[in-house]
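Visitor: This is the structure, below, for whatever I ask next.
The values are calculated or read from the model by the stated rules, or taken from the named source; none is laboratory data. What you see is a predicted model, and the numbers here were worked out from it, not measured in a lab. Glycine gets a Cβ as well: all are built from the backbone with ideal geometry, and neighbour counts include every protein chain shown. Surface areas here come from the heavy atoms of the whole protein model, side chains and all, with no ligands, DNA or RNA. Shrake-Rupley method; radii C 1.70, N 1.55, O 1.52, S 1.80 Å.
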Amino acid sequence: MIIILDKREREREGQLLQVTVPLSFLQIPNQKKKKKKKKKKKKSVMGRGGRSRTQRKHFRQSRENVWKRSKSDPNSNPNDENQTNPNPNPWTPFATENPSFDLYYKEQRIVDPQEWDQFVKSLRTPLPASFRINSSTQFADDIRSQLENDFAHSLRDEVAEGGETEAIRPLPWYPGNFAWHSNFSRMQLRKNQTLERFHEFLKLENEIGNITRQEAVSMVPPLFLDVHSDHFVLDMCAAPGSKTFQLLEMIHRSTKAGSLPDGMVIANDLDVQRCNLLIHQTKRMCTANLIVTNHEAQHFPGCRLNRNHERMEPDQHIGQLLFDRVLCDVPCSGDGTLRKAPDLWRKWNSGMGQGLHSLQVLIAMRGLSLLKIGGRMVYSTCSMNPVENEAVVAEVLRRCGGSVNLVDVSSELPQLIRRPGLKSWKVYDKGTWLVSCKDVPKFRRSVILPGMFPSGGSYQDLVDSTCDTEMGDDISICTNGNSEDGVQAAEKPVTHQSAEEVSDLPLEHCMRIVPQDQNTGAFFIAVLQKVSPLPAIQEKTKMEIVEQCVEPENQNLEDAQAPQIDLSENALEEVSKTVSEEIVNDNEHNTEDLEVSPLEEKDPKEIRESPSVENKTKKLPGKRKLQIQGKWRGVDPVVFFKDEAVINSIRAFYGIDEHFPFDGHLVTRNSDTSHVKRIYYVSKSVKDVLGLNFSVGQQLKITSVGLKMFERQSAREGSTAPCAFRISSEGLPLILPYITKQILHASPQDFKHLLQNKDVRFGDFADAEFGKKAENLMPGCCVVILDKGNRSATESFKVDESTIAIGCWRGRARLTVMVTAMDCLEMLERLLIRLDPEKGSSVHVDKSSNNVGDEVQPVT
């Protein structure tokens, strides 16, 4: 017999009953037919394969949407007394309180006692929306001007009387007014036409990649990295990708049209499914300076060549993968996000942070080992727990000796309100407050580590110590490092009488951002600088550290092991369609950085590889051949594209200038180069890293690389065109300054006509001469450039950052736009604003097209 407690009674007690019984066993028989009908209907809406939105399934422990009504009766209103059939289980939001939370953080003194009420009040208030303008996009200044001169005034007049409250405002501490804060909720954005227009604006620009919706405090860590355009940057735990996108903006900040920066970004994440979100997010950037990898951050490969390596290419300038900047935004308990994830209130316990401490230390140490001497690393979490924050930084500093400094950045971003890090804290375990590692019982030393305390220390004879079996059932070692009941283990916690420890390290240089200071979430940031090689650490001690690292069972954390899935091009392309709103310098060989200490050189798991798949096809009875795969299972290989016949045909058809570097910069994800569908372009820095990766046996598991430059036209007319490959919209801005053929210059009227109608006959253009020029082009892909109208007929056209161009297909009788409908809408709005600011600022974007995310196919 199965007894199921009433859900409302369980919530009143603040506990959650987990029943490992399939939901199908708990369904009411009378409702089975209805559920089947709903399922079929949903399948028809969700698209191919009946998949739901990607974001919803990428978090293993899905969170309930606290702002939605009960699914049993979406039209029910629990406050309606006249309702004839009230919902027996009315919708109620999560309780935004937790006695364990209050007790724990009051004892840790993360805020002054007189500020506690204001602190908790802020945590219980929904988080305001914020977003960032992509400063490297072509329309960055236009979007900022539209926000400052249009929306800032119209929205203020709509929601605030007398202008006392700002509807939207730029974040004062973010450079250039490129980050904005909004006081609207999603429901408020749908109130009236003005707010609806602003909401449509946000959705459109976010999908295009001109803005990124991101929590304000999440924008802070990359700013303290001080990234330059020639830096090699590693983002160790990158998914879902908002910080990676920000790092790419910094790399491309001063790049001119047709050129690429010398630096690059490697974005890594353990979770394969979240890597898909990362790839979708960063694809909006259209960059050739990015590599996305899939590794455990604490075991990220160093790709170090042997000193006498013979396979090193003559033009290869790097012999080891080292970085100028490392972003170490580690997995954490996430209690700093309570304002946007209120369901964490009922799940929170003190053991969540303790179970992640060892992993966080290992990730930070690996990041420092990959950092160049003189380089900077930022360690950050969205947690308020000192065990995950100051304790990790202190332990890293102790292990590194004097080779790493904690940087004082109090003078940087002066308008950002931050508080100094803690120098004293306690560790809570099993109803007891511990102030020193000396107070930890032997049977708890596998969970409560010395590095969790302000002064650190060590356990003597740790390997020989075992749990005292005579303690019986009163002793329980949590395999995930979490206390079973957190602070709730005892109503009156016991504190050991040892003197409270105070760290002698300069932890006040760390930064804590608290919600009430600037109406944000909570965040922790520490800036570290490597000044010399890391000291050697005995291998025995290192193995003990690895053994002590116990992965938590909390399936909501980013570091949990994910099932391997297919990362082929087709799979990633399908994901991108379903997702909606959410080293050494090449010219200077730094030999000092290649002198690696034993800690950096010896990593028993550095080159750990997943089972490789032989690079050949396998025949299965009754099934088609398996796709050729690379060294890593489920991942397409990265192959340098060297088919001279195809490359020469592309060069000749588009008249590509010889100064555009082609040799060694083209890659594909298909070993069979005779059936290549897409050709990607990589920068010089990425090319060098790929060469190094091949030299060391492909230690990097690469899931995405390069900028899609050319794509084989699969439509009927593609087979008859002189060149079967068309220029992709992503790669057009890079190659445009070097194209000399297949170019048309359109007047604003004809350019607008193309964007609105998608395909236009040659005789239907307002400028008859433009139609004749289009008719005289070779069949196939061509480029249409918006003519500025301020140059003479004899003056040559020069491409710059303000040039607007689109790819088209020249058919037998018409021109067809070869960009997505979403890009057409966004470009049309920008064009209207530039030509007629008053009319353009009030244009309403029509998104009724069913193929908003698909490129228009050519028509005859």
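Visitor: Would it be correct to say that Arg346 is out of contact with any Phe, Trp or Tyr (no Cβ under 9 Å at 6 or more places or on another chain), surrounded by fewer than 24 Cβ atoms within 10 Å (Cβ to Cβ), charged (D, E, K, R) and outside any loop (DSSP other than H, G, I, E, B)? Step through it out loud before you land on a result.
Guide: Details: out of contact with any Phe, Trp or Tyr (no Cβ under 9 Å at 6 or more places or on another chain): no; surrounded by fewer than 24 Cβ atoms within 10 Å (Cβ to Cβ): yes; charged (D, E, K, R): yes; outside any loop (DSSP other than H, G, I, E, B): yes.
Taking the combined requirement at face value, the residue does not satisfy it.
Visitor: Quick one: Trp180 ticks every box in (1) at pLDDT 90 or above; (2) within 19 Å of Asn289 (Cα to Cα); (3) surrounded by 18 or more Cβ atoms within 10 Å (Cβ to Cβ) except a single one, so which number is it?
Guide: (2)
Visitor: A follow-up question, please. Quick one: Leu690 ticks every box in (1) open to solvent by 20 Å² or more (accessible area, probe 1.4 Å); (2) within 34 Å of the chain's Cα centre (by Cα) bar one, so which box is it?
Guide: Just one mismatch for Leu690, condition (1).
Visitor: Sticking with this structure for a sec: Val407 - would you say it is at negative phi, open to solvent by 10 Å² or more (accessible area, probe 1.4 Å) and aliphatic (A, V, I, L, M)?
Guide: Working: at negative phi: yes; open to solvent by 10 Å² or more (accessible area, probe 1.4 Å): yes; aliphatic (A, V, I, L, M): yes.
For Val407, the condition - at negative phi, open to solvent by 10 Å² or more (accessible area, probe 1.4 Å) and aliphatic (A, V, I, L, M) - is met.
Listed here are the residues, each with its yes/no results for (1) of a type in the set (Gly, Ala, Ser); (2) closer than 19 Å to Lys631 by Cβ.
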{"site": "Gly655", "(1), (2)": "yes, no"}
{"site": "Pro661", "(1), (2)": "no, no"}
{"site": "Arg669", "(1), (2)": "no, yes"}
{"site": "Asp688", "(1), (2)": "no, no"}
{"site": "Asn693", "(1), (2)": "no, yes"}
{"site": "Val696", "(1), (2)": "no, yes"}
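Visitor: Restricting the search to the range 370-385, which residues are touching a helix residue (DSSP H, G or I) at 6+ places or on another chain (Cβ under 6 Å) and open to solvent by less than 10 Å² (accessible area, probe 1.4 Å)?
Guide: Met377, Val378, Tyr379, Ser380, Ser383, Met384, Asn385
Visitor: From the list Ile656, Ile647, pick out the single residue that is surrounded by fewer than 20 Cβ atoms within 10 Å (Cβ to Cβ) and in a loop (DSSP other than H, G, I, E, B). Let's see the steps before the verdict.
Guide: Numbers: Ile647 fails: in a loop (DSSP other than H, G, I, E, B).
The conditions single out Ile656.
Visitor: Output the number of the condition that Tyr681 fails; it satisfies all remaining conditions of (1) open to solvent by 20 Å² or more (accessible area, probe 1.4 Å); (2) at pLDDT 90 or above.
Guide: Tyr681 satisfies all of (1) open to solvent by 20 Å² or more (accessible area, probe 1.4 Å); (2) at pLDDT 90 or above except (1).
Visitor: Still on this model: I'm trying to understand the selection: among the residues of the range 269-278, which are crowded, with 23+ Cβ neighbours inside 10 Å and farther than 14 Å from Cys237 by Cβ?
Guide: Selection gives Asn276 alone.
For every residue, the table says whether it meets (1) of a type in the set (S, T, N, Q); (2) buried (at least 18 other Cβ atoms within 10 Å of the Cβ).
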| residue | (1), (2) |
| --- | --- |
| Gln114 | yes, no |
| Val120 | no, yes |
| Leu123 | no, yes |
| Thr137 | yes, yes |
| Glu148 | no, no |
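Visitor: I've got another one for you. Within the range 777-794, is even one residue surrounded by fewer than 20 Cβ atoms within 10 Å (Cβ to Cβ), assigned to a strand (DSSP E or B) and modelled with pLDDT of 90 or more?
Guide: Within the range 777-794, the subset surrounded by fewer than 20 Cβ atoms within 10 Å (Cβ to Cβ) is 777-779, 785, 787-794.
Filter once more, keeping what is assigned to a strand (DSSP E or B): 785.
Filter once more, so that each one left must be modelled with pLDDT of 90 or more: 785.
Looking for residues that are surrounded by fewer than 20 Cβ atoms within 10 Å (Cβ to Cβ), assigned to a strand (DSSP E or B) and modelled with pLDDT of 90 or more, one finds at least one in the range 777-794, hence yes.
Visitor: Also, I was wondering about something else. Inspect all residues belonging to the range 843-859 and state whether any of them is aliphatic (A, V, I, L, M) and at pLDDT 55 or above.
Guide: First, pick out the residues of the range 843-859 that are aliphatic (A, V, I, L, M): 843, 845, 852, 856, 859.
Within this subset, residues satisfying the condition of being at pLDDT 55 or above are none.
The answer is no, given that none of the residues of the range 843-859 is aliphatic (A, V, I, L, M) and at pLDDT 55 or above.
Visitor: Report yes if Met264 is among the aliphatic types (A, V, I, L, M), modelled with pLDDT of 90 or more and crowded, with 24+ Cβ neighbours inside 10 Å, otherwise no. Step through it out loud before you land on a result.
Guide: Values: among the aliphatic types (A, V, I, L, M): yes; modelled with pLDDT of 90 or more: yes; crowded, with 24+ Cβ neighbours inside 10 Å: yes.
Spelling it out, Met264 is indeed among the aliphatic types (A, V, I, L, M), modelled with pLDDT of 90 or more and crowded, with 24+ Cβ neighbours inside 10 Å.
Visitor: Now, a different point. In the range 419-450, what residues are open to solvent by 50 Å² or more (accessible area, probe 1.4 Å) and under 25 Å from Gly521 (Cβ atoms)?
Guide: Once the filter is applied, which keeps residues that are open to solvent by 50 Å² or more (accessible area, probe 1.4 Å) and under 25 Å from Gly521 (Cβ atoms), the range 419-450 yields Arg419, Pro420, Lys423.
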